[in-house]
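*Asks:* Sharing a structure here in structure tokens format.
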Amino acid sequence: MSSLFKQFDYLQTVNSTNDYLKTFVEDGEPRMVVAQEQKAGKGRYGRGWHSPPDEGLYVSYLLYPGWKVERAPFLNMISGLAVAHTIHEQGGTGLRLKLKAPNDVLIEGKKVCGILSEMGTLHDRIGWAIIGIGVNLSQKDFPGELSHKATSLRLQGLTVSHPLDFCDCLTRQLERLYRQLEKGNWEVIQAQFEKMSGVRP
């Protein structure tokens, strides 16, 4: 059990994990949701996110950072870093990972993870933020043009026993990095991100 995300929902099917959490924004409590399948998974600019049942991790986190709005990019930074650390911890230390600003995790140039952050602001502060993370775990193939752009951990030779096992590790890593930001370690996190991306976000 996470000390930060004490409210956890596990759903069979949902349109979008991000949209699901928006219904809880007014509660004021950090929360997370995992779905076995998304019917209308979302990417940036309104694009869809391929979310077949039981083949990936589809998770969203609701937070109340209170940071200044200009700190918003750190939501994606800690998410990308958390995914990379989790892949390494799950046995993927030999994989060539790269964080592509603002919201992708790549292996050998192909997308294995997408991140979508949404937020509500109050004056110059982030009142609430939802981080949606989709990780391709066990797909054997992808439809259409995705076959040239996407990959999965399985296709890269890494087997994940269950999406929730990956999620447990991911949540722990995300919370660890979030706590670092709460302590004001902005430069440390940015340096870690830049090291794994090679591009200033």
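The values are calculated or read from the model by the stated rules, or taken from the named source; none is laboratory data. Values in this document were obtained by computation on a predicted structure and should not be read as measured data. When we count neighbours, we look across all protein chains shown, and the Cβ atoms used for this are built from the backbone with ideal geometry, even at glycine.
*Asks:* What number goes with the only condition from (1) assigned to a loop (DSSP other than H, G, I, E, B); (2) more than 17 Å from the chain's Cα centre (by Cα); (3) surrounded by 13 or more Cβ atoms within 10 Å (Cβ to Cβ); (4) not hydrophobic (A, V, I, L, M, F, W, C) that Lys140 does not pass?
*Replies:* Failing condition for Lys140: (3).
*Asks:* Let me ask you something else. If you check Thr171 against the conditions, is it assigned to a helix (DSSP H, G or I), β-branched (Val, Ile, Thr) and either free of Cβ contacts under 8 Å to residues at least 24 places away in the same chain or out of contact with any His (no Cβ under 6 Å at 6 or more places or on another chain) (or both)?
*Replies:* yes
*Asks:* Filter region 174-201 down to the residues that are among the charged types (D, E, K, R) and part of a helix (DSSP H, G or I), then identify the one that is farthest from the chain's Cα centre (by Cα). Show your work before the answer.
*Replies:* So the first thing to find is which residues in region 174-201 are among the charged types (D, E, K, R), and the list is 175-176, 179, 182-183, 187, 194-195, 200.
Within this subset, residues satisfying the condition of being part of a helix (DSSP H, G or I) are 175-176, 179, 182, 187, 194-195.
Working: Glu175: 12, Arg176: 14, Arg179: 16, Glu182: 19, Glu187: 21, Glu194: 17, Lys195: 19 Å.
Only one residue tops the list, namely Glu187.
*Asks:* Now a separate question. Look through region 1-16, keep the residues that are in contact with an Asp or Glu (Cβ under 9 Å, 6 or more places away or on another chain) and among the hydroxyl-bearing types (Ser, Thr, Tyr), and return whichever of them is nearest to Val34 (Cα to Cα).
*Replies:* Checked region 1-16; the qualifying residue nearest to Val34 (Cα to Cα) is Thr13.
*Asks:* Of a type in the set (Val, Ile, Thr), crowded, with 23+ Cβ neighbours inside 10 Å and not in a strand (DSSP E or B), is that true of Thr93? Working first, answer last.
*Replies:* Working: of a type in the set (Val, Ile, Thr): yes; crowded, with 23+ Cβ neighbours inside 10 Å: no; not in a strand (DSSP E or B): yes.
So Thr93 does not fit the description; no.
*Asks:* Of these, Gly46, Gly56, which one is at pLDDT below 95, out of contact with any strand residue (DSSP E or B) (no Cβ under 9 Å at 6 or more places or on another chain) and either crowded, with 24+ Cβ neighbours inside 10 Å or under 28 Å from His123 (Cβ atoms) (or both)?
*Replies:* Gly46
*Asks:* Residues in region 118-155 that are over 30 Å from Gly28 (Cα atoms) and free of Cβ contacts under 8 Å to residues at least 40 places away in the same chain: how many? Steps first, please.
*Replies:* Narrowing region 118-155 to residues over 30 Å from Gly28 (Cα atoms): 136-155.
Within this subset, residues satisfying the condition of being free of Cβ contacts under 8 Å to residues at least 40 places away in the same chain are 140-141, 144-145, 147-149, 154-155.
Result for region 118-155: 9.
*Asks:* Please state which of the following conditions Ile130 fails to meet, knowing it meets all the rest: (1) surrounded by 23 or more Cβ atoms within 10 Å (Cβ to Cβ); (2) closer than 21 Å to Glu194 by Cα; (3) touching a helix residue (DSSP H, G or I) at 6+ places or on another chain (Cβ under 7 Å).
*Replies:* The number of the failed condition is (2).
*Asks:* If I filter region 28-42 down to residues being outside any loop (DSSP other than H, G, I, E, B) and at pLDDT 95 or above, which single residue comes out as farthest from the chain's Cα centre (by Cα)?
*Replies:* Ranking the qualifying residues of region 28-42, first place goes to Arg31.
*Asks:* Something else now. Residue pairs, Cβ under 6 Å, 6 or more apart or interchain, first in region 63-74 and over 10 Å from Asp124 (Cα atoms), second of a type in the set (Gly, Ala, Ser). List them.
*Replies:* That search, which allows pairs on different chains as well, returns Leu63/Ala129; Pro65/Ala129.
*Asks:* Quick one: Ile115 ticks every box in (1) farther than 30 Å from Val25 by Cβ; (2) buried (at least 21 other Cβ atoms within 10 Å of the Cβ); (3) without any contact (Cβ under 8 Å) to a residue 40 or more places away in the chain bar one, so which box is it?
*Replies:* Single failed check for Ile115: (1).
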